[in-house]
Amino acid sequence: MSKYAKAIIFIALSTLLLAACGSNEFSSEVNEKMKNEKKIETNMDEDVSELEFINQDEEKGTTNDFNGEYWIADLVFTNCTTVCIPMTSNMKKLQDEMIEEDLTDIELVSFTVDPEYDTPEVLSDYAEDYGADLGNWSFVTGYEFDEIKELSIKTFRSMLQEPLPGDDQVTHGTRFFLINPKGEVIKNYDGMNGNVVDEIMDDIKKL
């Protein structure tokens, strides 16, 4: 075997070894973060499907980008005149509590269910209206309605229905969802409940 061929094999094996080590380190980190998960009462067990999006700052990403940390999601839209108002208000209260408790490594993610209207600029204005800190709260769009509908139903077990003719109100669920570092939905909460902030804070402190 030539020296060139041996060098190629050595590089390939070294790359595989480094990749395996990196994977093991990531798994160890994730497992360490999840060691307290049994301390909370979970009510879901669903893998988060991959969904590509752009956020309020027109930055591209996917749901896989949140792997490695706990994160909390909801589904809203800016033209909503009913449930989204208390939901987003509660999410803002949750963020304020998280900042006060120095828990800002947990990401908040609001998926719009009206991606055609809710452009990054519209979502940016919406975030500003609620005083959201975009350091750990992302408002995302950039996908098709059918894609967010599939994510809502399959991942979050939450119904999602297009507006009726002559209407602009999307029918969607009102839950907040806790996702673990492996990308698994482990719990949902009533996003319109006045006690939801206390419930989530109790859980994430245990984690």
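The values are calculated or read from the model by the stated rules, or taken from the named source; none is laboratory data. The model shown is predicted, which means the values in this text are computed figures rather than measured ones. Here Cβ is always computed from backbone atoms with ideal geometry, including for glycine, and neighbour counts include all displayed protein chains. Side chains included, ligands, DNA and RNA excluded: accessible areas come from the protein's heavy atoms. Shrake-Rupley method; radii C 1.70, N 1.55, O 1.52, S 1.80 Å.
Only one residue in THR174, THR119, THR112 is modelled with pLDDT of 95 or more, in contact with a strand residue (DSSP E or B) (Cβ under 9 Å, 6 or more places away or on another chain) and farther than 23 Å from VAL48 by Cβ. Which one? None of the others qualify; the one that does is THR119. Within segment 145-156, not a single residue is closer than 18 Å to ILE72 by Cβ and open to solvent by 10 Å² or more (accessible area, probe 1.4 Å). One residue stands out among those in segment 164-181 that are hydrophobic (A, V, I, L, M, F, W, C) and either open to solvent by less than 60 Å² (accessible area, probe 1.4 Å) or in contact with a Phe, Trp or Tyr (Cβ under 7 Å, 6 or more places away or on another chain) (or both): the one that is farthest from LEU108 (Cα to Cα), which is VAL170. Please go through segment 119-141 and pick out each residue that is of a type in the set (S, T, N, Q), open to solvent by 40 Å² or more (accessible area, probe 1.4 Å) and within 14 Å of the chain's Cα centre (by Cα). Across segment 119-141, there are no qualifying residues.
Among the residues making up segment 182-200, those that are in contact with a helix residue (DSSP H, G or I) (Cβ under 8 Å, 6 or more places away or on another chain) and either under 18 Å from SER158 (Cα atoms) or buried (at least 17 other Cβ atoms within 10 Å of the Cβ) (or both) are GLY183, VAL185, ILE186, LYS187, TYR189, ASP190, GLY191, MET192, ASN193, VAL196, VAL197, ILE200.
Scan segment 49-59 for residues that are open to solvent by less than 100 Å² (accessible area, probe 1.4 Å) and touching a strand residue (DSSP E or B) at 6+ places or on another chain (Cβ under 6 Å) and the total you get is 4.
ILE204 fails exactly one of the following numbered conditions: (1) open to solvent by 50 Å² or more (accessible area, probe 1.4 Å); (2) closer than 15 Å to TRP71 by Cα. What is the number of that condition? ILE204 satisfies every listed condition except (1). Looking only at residues in segment 95-139 that are in contact (Cβ under 8 Å) with a residue 60 or more places away in the chain and aliphatic (A, V, I, L, M), the one that is nearest to GLU58 (Cα to Cα) is LEU123. In segment 194-207, the residues that are touching a residue at least 40 places away in the same chain (Cβ under 8 Å) reach residues that are polar (S, T, N, Q) and assigned to a loop (DSSP other than H, G, I, E, B) with C-beta atoms within less than 8 angstrom, at least six apart or across chains, in these pairs: LYS206/ASN36; LEU207/ASN36. Do we find that GLN161 is exposed (fewer than 13 other Cβ atoms within 10 Å of the Cβ) and at pLDDT below 95 in this structure? So GLN161 passes the test.
Determine whether THR15 is farther than 30 Å from PRO120 by Cα, at pLDDT 95 or above, open to solvent by 50 Å² or more (accessible area, probe 1.4 Å) and not acidic (Asp, Glu). So THR15 fails the test.
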